[in-house]
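Trainee: The structure that follows is given in the form of structure tokens.
Taken together, the values in this text are just the output of simple stated rules run on the coordinates, not laboratory data. Here the structure is a predicted model, which is why all the values come from computation and not from measurement.
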Amino acid sequence: MSSEFWYKEGLRFGCKVCGRCCCGEPGYVWVTTEEINRMAKKLGISAIQFEQAFVWTVRGRKRSLREFSNGDCVLLNEKSRGCKVYEDRPVQCRTWPFWQQNLNSQKSWEKTAKFCPGCNQGKIYSLEEIEEQKNRNNFFL
């Protein structure tokens, strides 16, 4: 790997399951058929029922999880603030916080860390692991 990455020594992250990354500003959480099937199974409903309740089509082709009017993901548990399908959540959610916009600079990461209590905590992810996560997520953007 190139030494041009400011995070070449790795970054720490340990999810606190706080739900902060699942709420706030509106956005898209892109989902695949496979992910829909897994999440539906986790909730004990059919994929069709899951799509009707939790998914909407964007620009006639891509599917995204719905949000409440305040920007919270529909799968965010109101009481616990945890994800209802955490173990089966979409790749886009699994790759947080290793998204391009959070890795653009050390300043971007520090801003993310102020928002996300899991940043700079827990496991050290190597440059290779970070790049793998970033690239898995970029597929959906």
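Trainee: May I ask you to evaluate 6.51 cos²θ - 1.76 cosθ + 1.60, the Karplus curve with θ = phi - 60°, for each residue of region 46-61 and list the ³J(HN,Hα) values in order in whole Hz, giving x for glycine and proline?
Mentor: After applying 6.51 cos²θ - 1.76 cosθ + 1.60, I find 6, 4, 5, 4, 4, 4, 4, 8, 10, 10, 9, 9, 9, 6, x, 9 Hz.
Trainee: In sequence order, what are the phi-derived ³J(HN,Hα) couplings for region 115-130 according to the Karplus relation 6.51 cos²θ - 1.76 cosθ + 1.60 with θ = phi - 60°, rounded to whole Hz, with x for glycine and proline?
Mentor: Result, ordered by residue: 8, 10, x, x, 5, 6, 10, x, 4, 8, 8, 6, 3, 5, 5, 5 Hz.
Trainee: Distance check, please: which entries in Lys62/Lys84; Lys84/Lys111; Lys84/Lys123; Lys8/Lys107; Lys41/Lys79 exceed 20 angstrom between their Cα atoms?
Mentor: Lys62/Lys84; Lys84/Lys111; Lys84/Lys123; Lys41/Lys79
Trainee: Here's something else I'd like to know. When the distances between all Cα atoms of region 15-141 are binned every 5 Å from zero, what whole-number percent does each bin get?
Mentor: Result, from short to long distances: 2, 10, 19, 23, 21, 14, 8, 3, 0 percent.
Trainee: Taking θ as phi - 60°, what are the ³J(HN,Hα) couplings along region 86-96 by the Karplus curve (6.51, -1.76, 1.60), each to the nearest whole Hz, with x for Gly and Pro?
Mentor: Karplus values, whole Hz, x for Gly and Pro: 2, 5, 10, 5, x, 3, 4, 6, 5, 8, 4.
Trainee: Near the amide H of Cys83, under 5 Å away, which other amide H atoms are found, from residues 5 or more places off or on another chain, if H is placed in the peptide plane?
Mentor: Here Asn77 satisfy the definition.
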